[in-house]
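I have placed the structure first, in the form of structure tokens, so that the comments after it can refer back to it.
No value in this document is a laboratory result; all are computed from the given coordinates. The model shown is predicted, which means the values in this text are computed figures rather than measured ones. Using ideal geometry, Cβ is built from the backbone for each residue, glycine included, and neighbour counts are taken over all protein chains shown.
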Amino acid sequence: MMGARDYRDAVTRAENGGTRLERDTKNCGPTPWDPTLEEEFNTRRLIVHEEFLLDEVLGEFRQMALGISSRD
């Protein structure tokens with residue numbers, strides 16, 4: 001479910017909240033659901049763990065279940 005915008009938002013939230021994100025030395029690999037995510041990650045190389053995004057992911061699932069799109 002993560003796209004480039006989600007990644008950027010997570011990195012910004014981590015930086016604003018004082019959360020240190022580790023760097024990855026490897027390339028992201030293909031992200032066919034959002035090709036810009038690969039480019040974004042390979043530029044920043046900051047690792048965002050799923051646990052950091054748990055509230056957002058669960059909120060997205062809830063909205064999907066209710067038929068609400070947060071992407072509009």
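Can you tell me the order of 56-64, 12-20 when each peptide is scored by its average per-residue count of other Cβ atoms within 10 angstrom, highest first? Could the numbers behind the result be given before it?
Numbers: 56-64: 12.8, 12-20: 10.2.
By packing density, highest mean first, the sequence is 56-64, 12-20.
Among Gly59, Thr12, His49, which residue has its Cα positioned farthest towards the positive end of the charge dipole of segment 4-66, with +1 placed on the Cβ of Lys and Arg, -1 on the Cβ of Asp and Glu, and the dipole taken about the Cα centre?
Thr12
Mind pulling the angle between the C-alpha long axis of helix 54-66 and the longest principal axis of the chain? Nearest 10 degrees, somewhere in 0 to 90.
Value to nearest ten degrees: 30.
Using the Cα centre of the chain as the reference point, and only Cβ charges (+1 on K/R, -1 on D/E), how large is the resulting charge dipole? Debye, rounded to the nearest 20. Write out the running numbers ahead of the final one.
Values: 10 positive and 15 negative charges, 35 e Å.
Dipole magnitude for the chain comes out near 160 debye.
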